[in-house]
There are 2 protein chains.
Amino acid sequence: MKANLNPAKGMRDITPYEKEIRDYVEGVIVNTYKQSGFELFETPVVENIENLTGSEGGENLMLIFKILKRGDKLDLKKEGLTEEDLSDLGLRYDLTVPLSRFYCNNRANLTPVFKALQVGNVFRAERAQKGRYRSFKQCDIDIIGDGTQAAELELIATTAKALTALNVTDFVVRFNDRRVLKAVILNCGFTEEEFDGVCIVVDKLDKIGINGIKSEMEDKGYNKTAVEKLIEALKEINKKGTNCLNEYGVPKEVISDINKVLEESNTYADGKYDVIFDFTLIRGMGYYTGSIFEIAYKDLGYSIAGGGRYDEMVGNFIGEKIPAIGFSIGFERLVNQLMEENFKVPDLEKVVLLYEPADRYIDVLAKAENIRKDGYTVSVYEKAKKLGKQLNQFQAFGYKKFAVYNSDETELKELS
Amino acid sequence: MKANLNPAKGMRDITPYEKEIRDYVEGVIVNTYKQSGFELFETPVVENIENLTGSEGGENLMLIFKILKRGDKLDLKKEGLTEEDLSDLGLRYDLTVPLSRFYCNNRANLTPVFKALQVGNVFRAERAQKGRYRSFKQCDIDIIGDGTQAAELELIATTAKALTALNVTDFVVRFNDRRVLKAVILNCGFTEEEFDGVCIVVDKLDKIGINGIKSEMEDKGYNKTAVEKLIEALKEINKKGTNCLNEYGVPKEVISDINKVLEESNTYADGKYDVIFDFTLIRGMGYYTGSIFEIAYKDLGYSIAGGGRYDEMVGNFIGEKIPAIGFSIGFERLVNQLMEENFKVPDLEKVVLLYEPADRYIDVLAKAENIRKDGYTVSVYEKAKKLGKQLNQFQAFGYKKFAVYNSDETELKELS
């Protein structure tokens, strides 16, 4: 067989060197979350297709990897065959849809307010692009069953703590609310139907600037007066923050909710990071109903974490109203950034123990066990003819010490 | 939407309680392997379909979850549509095929002899059955590039160490060699073509006994003399072990290889477990070329770990001869068994901190952080009206202590 050695397009092999860094980063995040009382659970990467296609995942619904039916269920002879006929399962595109299903399915075995922690890969059939993968890891915390601002405060504080534990400190939490966006945009004269389209343009402010937004909206044929009013609103809200929101018909209680989160989060952060109101923060998912937030790190053009309140979604599964809110760390982006900054995992004491073919292998293994008792990681390999070259290789692989097996005389030496 | 709350058929949600046990077990195994110098790496759960369908996975090739092509590549109008036309990717059915591809693809960045450690889920579209899942975890160690018995000895010693670290001790390692099976079966008068079929029957010895085997083989129309000779061989090999193998045309060097592994493994095990020769051990995978082995635990009717030598497979990817051998722990079976034995994870000190809506939430969070500094896991929840009932619930969820927030007077109390 002439084989293709590459992983599937847009997916990746993770070598031991990179895996060590990833596992360390994941460990720090997960331990921080667990210590804060978030409970780790797991759902399969495969979900029933209706739960995926029937969800409010916005553009992600176009990117689902669908799994072919099997056996008798797969009827290739059917007239006018569609994708729906062919597929009964799919790979999850996020962790929020599975969490919602999981919560409804397992409520009896969960704390009444469920503080959820889920880590796992999600899959999106995106166009291949540098730094964008078709299989990537997310670390999510969610609070289900708490509709108060306590949930916003705890998610922001805990996500910030996890990043800080990795020495990622130079970040800003951007905060907005879908209800603010809705009120202001309608107040400017746009219709309900235009809301999503207007959001998509406003989302580009970072990239095309305020004039770019104006001309794009005019090109798209939106009402001129509405566009001008929105441009003014963008400028004024940018200047005055939440203080002017009442002028745009944002309900008082929404403004007071936002102000509470901003004030208390900043008090709690105590200058270590800022939580700022940002009216131009949009976030694409259709399921957000209230607060939305992202973490911007240094001057990266993308966020390293994002989330929001989705009070409708969980309840939809069972016809109840259940408040829910989540914050997701984009693990791949975070790790890539840390690796570019030359992030180092705290040293492992790795030792290589070399033996000759004439040595009895179980004696060599017993010696290795002995060295491990002192806390070392010990790998056993046959001694090469060119010892110097071999030792250089092991040093390059991160080994710190070596020994050549010689029964009781075996001696640990520094690699250098 | 009227939703189906269940996970996909044959797959499972893992609740926090079970997840804690699973993660602990996985942690012990992985740490044991890493400390022994095995290197953790990762491959995607999705592979190019040819790498799966073109592999020697035996019956597993019938169980592949195939992924539908996307966009223009999916042509539903084609005449005489087949599964091959519809699918370009699939979910891996084991970790060995991805390891082989990974090794060939990343050789330059790996130690010359690669001691591989991979943990991950694999997927098989099996008929649903108690204790058998369509998505399940495997923990594999493999040694690539070492054709000597050192590899057998190390894999057996290290897998046994991982189990022992979990207090799983009452196990036996069954050991056989595909070359022995081949030699004996041909020596009895069966043909090359009959070999696989004969193995499938012999594999049932545990279940149907020696007479069952005899009658099943006769029913299937095998040559009577050959069947009788094989039955005699089974009896004699069972009695005399490897000592009589030369009578059945097994090459001397094969017998000496086996004896070396048996003797040295048992010396090393020092009575803690036995490594026994078992001619009726078959193992289904088509890719095994030499040693095969399994771990039988107590009187369970199935093995909790299994593996063997597959010297052809890795090299097939790149047209070289590369020796390889692996040992895989069946994680689901092991965990199920441990849970049935009431396995307990070493205690976590979980504390619940309760607050009233009138408390400032960031003060409560700060207090929780303070308690965490003493090493506790602290969850924060709103105090319920019925405090006694609430505390009982948290106790049932494994919490050991509680406190009701009261600024500096907050006091930690035992739950009981």
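The values are calculated or read from the model by the stated rules, or taken from the named source; none is laboratory data. A quick note: this is a predicted structure, and the numbers were derived from the prediction, not measured. Cβ atoms come from the backbone with ideal geometry, glycine included; neighbour counts cover every protein chain shown.
Below is a table of values for the structure above.
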{"quantity": "Complete set of residues in segment B:11-31 that are within 8 Å of chain A (Cβ to nearest Cβ), at pLDDT 95 or above and out of contact with any Phe, Trp or Tyr (no Cβ under 9 Å at 6 or more places or on another chain)", "calculated": "B:ASP23"}
{"quantity": "Set A:ALA162, A:ALA183: member being surrounded by 17 or more Cβ atoms within 10 Å (Cβ to Cβ) and in contact with a Ser or Thr (Cβ under 6 Å, 6 or more places away or on another chain)", "calculated": "A:ALA162"}
{"quantity": "Segment A:194-218, residues that are within 30 Å of the chain's Cα centre (by Cα), more than 24 Å from A:LYS298 (Cβ to Cβ) and of a type outside the set (A, V, I, L, M, F, W, C)", "calculated": "A:GLU194, A:ASP196, A:GLY197"}
{"quantity": "Segment A:253-273, residues that are facing another protein chain (nearest Cβ under 10 Å), among the charged types (D, E, K, R) and either assigned to a helix (DSSP H, G or I) or surrounded by 19 or more Cβ atoms within 10 Å (Cβ to Cβ) (or both)", "calculated": "A:LYS260, A:GLU263, A:GLU264"}
{"quantity": "Segment B:146-158: number of residues that are more than 8 Å from chain A (Cβ to nearest Cβ) and surrounded by fewer than 19 Cβ atoms within 10 Å (Cβ to Cβ)", "calculated": "1"}
{"quantity": "Of all residues in segment A:357-389 being among the small types (Gly, Ala, Ser) and over 22 Å from B:GLY145 (Cβ atoms), the one that is modelled with the highest pLDDT", "calculated": "A:ALA366"}
{"quantity": "Out of B:ASN342, B:ASN370, B:ASN392, sole residue that is in a loop (DSSP other than H, G, I, E, B) and exposed (fewer than 15 other Cβ atoms within 10 Å of the Cβ)", "calculated": "B:ASN342"}
{"quantity": "Hits in segment B:296-333 (condition: buried (at least 24 other Cβ atoms within 10 Å of the Cβ) and either aromatic (Phe, Trp, Tyr) or over 21 Å from B:ASN60 (Cα atoms) (or both))", "calculated": "B:TYR310, B:PHE327"}
{"quantity": "Search result, residues across segment A:49-86 that are under 18 Å from A:TYR103 (Cα atoms), within 8 Å of another protein chain (Cβ to nearest Cβ) and surrounded by fewer than 20 Cβ atoms within 10 Å (Cβ to Cβ)", "calculated": "A:GLU50, A:GLY54"}
{"quantity": "Any hit, segment B:163-178, residues being of a type outside the set (Val, Ile, Thr), in a helix (DSSP H, G or I) and within 14 Å of another protein chain (Cβ to nearest Cβ)", "calculated": "yes"}
{"quantity": "Output for segment A:101-120, where each listed residue is polar (S, T, N, Q) and within 9 Å of chain B (Cβ to nearest Cβ)", "calculated": "A:ASN105, A:ASN106, A:ASN109, A:THR111"}
{"quantity": "Flag if B:VAL254 is at pLDDT 95 or above and either more than 22 Å from B:GLY306 (Cα to Cα) or among the aliphatic types (A, V, I, L, M) (or both)", "calculated": "yes"}
{"quantity": "Yes/no for A:THR43 being buried (at least 16 other Cβ atoms within 10 Å of the Cβ), in contact (Cβ under 8 Å) with a residue 24 or more places away in the chain, within 7 Å of chain B (Cβ to nearest Cβ) and of a type outside the set (A, V, I, L, M, F, W, C)", "calculated": "yes"}
{"quantity": "Segment A:374-389 - residue that is over 13 Å from B:PRO112 (Cβ atoms) and exposed (fewer than 10 other Cβ atoms within 10 Å of the Cβ) and, of those, nearest to the other protein chains (Cβ to nearest Cβ)", "calculated": "A:GLY375"}
{"quantity": "Candidate set from segment A:113-130 (those that are under 19 Å from A:GLN337 (Cβ atoms) and more than 14 Å from the chain's Cα centre (by Cα)); member that is surrounded by the most Cβ atoms within 10 Å (Cβ to Cβ)", "calculated": "A:GLN129"}
{"quantity": "A:ALA3, sole failed condition from (1) within 30 Å of B:LYS115 (Cα to Cα); (2) under 19 Å from the mean Cα position of the chain (by Cα)", "calculated": "(2)"}
